[in-house]
1. Scan region 24-41 and tell me whether some residue there is at pLDDT below 95, over 10 Å from the mean Cα position of the chain (by Cα), closer than 28 Å to Ser115 by Cβ and not charged (D, E, K, R).
2. List every residue pair whose Cβ atoms lie under 9 Å apart, where the two residues are 6 or more positions apart in sequence or sit on different chains, the first residue falls within region 89-115 and is over 14 Å from Cys22 (Cβ atoms), and the second residue, located anywhere, is of a type in the set (Ser, Thr, Tyr) and modelled with pLDDT under 95.
3. Examine region 62-75 for a residue that is of a type in the set (Ser, Thr, Tyr), farther than 18 Å from Val113 by Cβ and in contact with a helix residue (DSSP H, G or I) (Cβ under 9 Å, 6 or more places away or on another chain), and state whether such a residue exists.
4. Given the criterion within 13 Å of Tyr79 (Cβ to Cβ), modelled with pLDDT of 95 or more and either among the acidic types (Asp, Glu) or in a helix (DSSP H, G or I) (or both), identify the matching residue among Glu6, Glu16.
5. Considering only region 68-77, state which residues are free of Cβ contacts under 8 Å to residues at least 24 places away in the same chain and under 13 Å from the mean Cα position of the chain (by Cα).
6. Working only within region 56-102, note down all residues that are among the charged types (D, E, K, R), outside any loop (DSSP other than H, G, I, E, B) and more than 18 Å from Gly9 (Cα to Cα).
7. Collect the residues in region 78-110 that are of a type in the set (Ser, Thr, Tyr) and either more than 16 Å from Arg57 (Cβ to Cβ) or out of contact with any strand residue (DSSP E or B) (no Cβ under 6 Å at 6 or more places or on another chain) (or both), keeping them in residue-number order.
8. Among residues belonging to region 62-97 that are exposed (fewer than 15 other Cβ atoms within 10 Å of the Cβ), modelled with pLDDT of 95 or more and not polar (S, T, N, Q), point out the one that is farthest from Arg45 (Cα to Cα).
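The values are calculated or read from the model by the stated rules, or taken from the named source; none is laboratory data. Since the structure is predicted, the reported quantities are computational estimates derived from the model, not experimental observations. Note that each Cβ is placed from the backbone with ideal geometry, even for glycine, and that neighbours are counted across all protein chains shown.
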Amino acid sequence: QVQLVESGGDLVQPGESLSLSCAASGISFSIYTMGWYRQAPGKERELVAEISRLRYRNYVDSVKGRFSISGDNAKNTMYLQMNSLKPEDTAVYYCHARFGSKNYWGQGTQVTVSS
């Protein structure tokens, strides 16, 4: 059974940093394209950052230079380091894994940026 479990969401102030983790089980982490998506209230879910099985990284323009995605094959875990957080980064962040026609989602973790 495939499981993606996110952790690290929190309430932080603008300008602060936060690190999210996604622990994967039931899949071969190293061959999947892994990504972080987010969904703010009233908005569609959007891709934030993605790391391919060859470890190429892709970011949405609004987070470039502030967020960094990485993966640890030995731990089957993906990370999202978020710096200089802004109120508009407030959303539920979801972990996603895909390989061919297979797609898996985590349950989400809430990130709130507010003073």
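1. Within region 24-41, one or more residues are at pLDDT below 95, over 10 Å from the mean Cα position of the chain (by Cα), closer than 28 Å to Ser115 by Cβ and not charged (D, E, K, R).
2. If the second residue must be of a type in the set (Ser, Thr, Tyr) and modelled with pLDDT under 95, the pairs left are Phe99/Ser28; Phe99/Tyr32; Phe99/Thr33; Lys102/Tyr32.
3. Quick first cut of region 62-75, residues of a type in the set (Ser, Thr, Tyr) only: 62, 68, 70.
Filter once more, keeping what is farther than 18 Å from Val113 by Cβ: 70.
From what's left, in contact with a helix residue (DSSP H, G or I) (Cβ under 9 Å, 6 or more places away or on another chain): none.
No; the residues of region 62-75 include none that is of a type in the set (Ser, Thr, Tyr), farther than 18 Å from Val113 by Cβ and in contact with a helix residue (DSSP H, G or I) (Cβ under 9 Å, 6 or more places away or on another chain).
4. Numbers: Glu16 fails: within 13 Å of Tyr79 (Cβ to Cβ).
Matching residue, one of Glu6, Glu16: Glu6.
5. Residues of region 68-77 free of Cβ contacts under 8 Å to residues at least 24 places away in the same chain: 68, 70, 72, 74.
Of everything in region 68-77, those that are free of Cβ contacts under 8 Å to residues at least 24 places away in the same chain and under 13 Å from the mean Cα position of the chain (by Cα) turn out to be Ser68, Ser70.
6. Here is the first cut: in region 56-102, the residues among the charged types (D, E, K, R) are 57, 61, 64, 66, 72, 75, 86, 88-89, 98, 102.
Add one more test, that the residue is outside any loop (DSSP other than H, G, I, E, B), and what stays is 57, 61, 72, 88-89, 98, 102.
Arg57, Asp61, Asp72, Arg98, Lys102 - these are the residues of region 56-102 that are among the charged types (D, E, K, R), outside any loop (DSSP other than H, G, I, E, B) and more than 18 Å from Gly9 (Cα to Cα).
7. Our first condition is that a residue be of a type in the set (Ser, Thr, Tyr); within region 78-110, this holds for 79, 84, 90, 93-94, 101, 104, 109.
Those that are of a type in the set (Ser, Thr, Tyr) and either more than 16 Å from Arg57 (Cβ to Cβ) or out of contact with any strand residue (DSSP E or B) (no Cβ under 6 Å at 6 or more places or on another chain) (or both): Ser84, Thr90, Tyr93, Tyr94, Ser101, Tyr104, Thr109.
8. The selected residue is Gly65.
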